[in-house]
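The values are calculated or read from the model by the stated rules, or taken from the named source; none is laboratory data. Everything numeric here is computed off the predicted structure, so don't read it as measured data. Virtual Cβ from ideal backbone geometry, glycine too; neighbours counted across all protein chains shown.
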Amino acid sequence: MNSNRCAHSSRIAQTCRQWILNNAISDFKAAPRPLPLHCGVQHYSWGDPDFIPKLMGVRNPRRLPFAELWIGAHPDLLSTVQLGGCRLSLAELIAAAPRTLLGAESAVRFGHQLPFLLKLLAVREPLSIQVHPTREQAIAGYQQEDAIGLPLSDPRRSYRDRNHKPELLVALTDFYALRGFRPLEEISTELAAAPELAPLQARFTQSATGLFDLYRWLMQLEQTQVDVLLSPLIRRLRRQRAAVPFDPNERRAWLIEADRLFSINGHRDRGLFSFLLLNLIRLHPGEALFLPAGELHAYLRGAAIELMANSNNVLRGGLTSKQMDVPALLKALSVDPAPGEARQAQPPAGPGRPQTYPTPASEFLLERHKLSARERRQIGPSADSGIIGTSARLRLGLVMDGPLSLHSAGQAPLELEPGTAFVLPATCTVELYTEQDALLFMARAP
């Protein structure tokens, strides 16, 4: 009897909540407004314990790694909002009011789903060597893993969704990364300069095909052969470092550090080969990298804003204790040896306009808003109307420096402190105001 009463009470509570929520959503559609977002953090082992907690104003006495703050609607870590006293995910709100949130054009174009995912990244130790698949590869891989019965929560799973993952990274601090294969001549010179790597030099032919063959051979080597190739080189570099410390702009410094972190029980991690083959890039604050599908890369250290298609698909090839799927990585890999170059932000299109980071991706564009003290700036459909070829679209924002406030007609101002994320509906125009210098990033569809 008691269990029946509990079930009945639960149904009544759910019905009441849904009624309240439906009314709140109807009110929101009639008078859209910016909403603060409650966002989750991924505590991956490579994360920095200080940068994100300091920005958000939270204590971290246990020194947990705060690796990624996720701002968006990916099912792996959904952002949420409060509406009518009810908590719901951003994905649920978009599904209930797609044209209000996304805008009419984007709602049709992206199938009533948010097309991008915004992150704040804080890297203390190197991430895995990785590539992201194309959309076609993601669909095929997802279906294949479904067919063999791998749950989405299974750590052996490589494909978390059916989407591709082009990716933009904008440095907030000095940021180090490996990105793309080096020019062929540089690789040949690197291998020739290390007598321990003579077997690699003998196998390497200076062409894109030759480079792919070399990398495939390295990724498929027996572990004992990996150890034989790398151990003498690591021992020599350690002796050199003991005599003269390495500069962090030198790849040998990162090679030694990665060996310390990832080589276990005397066995060398095969991801170390990538430090010889890939471009080592140092980004200064404000500089950016764009990573298309198939681009081999690894982030090494620093804090950054990251914006990508709404996906969590990663194919790993070393420097990790997580699932490595070498066949899938090799299938997705693009080999286009060239110097690694940073992207610069485009200057503002006029007064009151942000800097932007255009990319070839059709899902996203990043805006960097730098406001001076007591500046007022309009954002939304009215402000965008002067940009040729644009239509109303949702924005996700993250305040980096402030505070500042968002003013919308007929609504109380939304006060935003540093570390606060928010969603600005496509159909809503707001005025930004700050009493002091402020900085925020906003993501939107192009």
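Give the number of residues within region 399-429 that are over 20 Å from Ile71 (Cα atoms) and assigned to a strand (DSSP E or B).
1
Look through Ser263, Ser311, Ser231 and report the one residue that is of a type in the set (S, T, N, Q), in contact with an Asp or Glu (Cβ under 7 Å, 6 or more places away or on another chain) and more than 28 Å from Ala138 (Cβ to Cβ).
Criteria check complete, one pass: Ser263.
Within region 278-306, how many residues are over 12 Å from His132 (Cα atoms) and in a loop (DSSP other than H, G, I, E, B)?
4
Which ones in region 195-231 are farther than 15 Å from Leu278 by Cβ, without any contact (Cβ under 8 Å) to a residue 40 or more places away in the chain and touching a helix residue (DSSP H, G or I) at 6+ places or on another chain (Cβ under 6 Å)?
Answer for region 195-231, where residues must be farther than 15 Å from Leu278 by Cβ, without any contact (Cβ under 8 Å) to a residue 40 or more places away in the chain and touching a helix residue (DSSP H, G or I) at 6+ places or on another chain (Cβ under 6 Å): Gln201, Arg203, Gln206.
Quick check on region 318-329: of everything there that is among the small types (Gly, Ala, Ser) and part of a loop (DSSP other than H, G, I, E, B), which residue is surrounded by the fewest Cβ atoms within 10 Å (Cβ to Cβ)? Reasoning before the result, please.
Residues of region 318-329 among the small types (Gly, Ala, Ser): 318, 321, 328.
Keeping just the survivors that are part of a loop (DSSP other than H, G, I, E, B) gives 318, 321.
Values: Gly318: 23, Ser321: 12.
Among those residues, the one meeting the criterion is Ser321.
Among (1) closer than 20 Å to Ala332 by Cβ; (2) crowded, with 18+ Cβ neighbours inside 10 Å; (3) in contact with a Lys or Arg (Cβ under 7 Å, 6 or more places away or on another chain); (4) not polar (S, T, N, Q), where does Trp217 come up short?
(2)
Restricting to region 315-343, count the residues that are closer than 17 Å to Leu211 by Cβ and hydroxyl-bearing (Ser, Thr, Tyr).
1
If Gly103 satisfies all but one of (1) at positive phi; (2) surrounded by fewer than 20 Cβ atoms within 10 Å (Cβ to Cβ), what's the number of the condition it fails?
Only one criterion is unmet by Gly103, namely (2).
Name the single residue that is nearest to Gly317 (Cα to Cα) among those in region 196-255 being aromatic (Phe, Trp, Tyr) and under 31 Å from the mean Cα position of the chain (by Cα). Walk me through it before giving the result.
As a first pass, look at region 196-255 and keep what is aromatic (Phe, Trp, Tyr): 204, 212, 215, 217, 246, 254.
Imposing the further condition that a residue be under 31 Å from the mean Cα position of the chain (by Cα) reduces the set to 212, 215, 217, 246, 254.
On the way: Phe212: 14, Tyr215: 11, Trp217: 13, Phe246: 26, Trp254: 17 Å.
In this case the residue turns out to be Tyr215.
Quick test of your reading of the structure: Leu319 fulfils all but one of (1) in the same structural domain as Asn249 (by TED's automatic domain parsing); (2) more than 30 Å from Asp259 (Cα to Cα). Name the failing condition by number.
Exception for Leu319: condition (2).
Answer yes if at least one residue in region 256-264 is under 15 Å from Leu319 (Cα atoms), of a type in the set (Val, Ile, Thr) and either exposed (fewer than 13 other Cβ atoms within 10 Å of the Cβ) or not assigned by TED's automatic domain parsing to the domain that holds Ala328 (or both), and no otherwise.
Yes: region 256-264 contains one or more residues that are under 15 Å from Leu319 (Cα atoms), of a type in the set (Val, Ile, Thr) and either exposed (fewer than 13 other Cβ atoms within 10 Å of the Cβ) or not assigned by TED's automatic domain parsing to the domain that holds Ala328 (or both).
Out of all the residues in region 104-133, which are in contact with a helix residue (DSSP H, G or I) (Cβ under 8 Å, 6 or more places away or on another chain), assigned to a loop (DSSP other than H, G, I, E, B) and over 30 Å from Ala171 (Cα atoms)?
Within region 104-133, just His112 meets the criteria.
Return only the number of the condition from (1) in contact (Cβ under 8 Å) with a residue 24 or more places away in the chain; (2) of a type in the set (Phe, Trp, Tyr); (3) not in a strand (DSSP E or B) that Tyr176 does not satisfy.
Condition not satisfied by Tyr176: (3).
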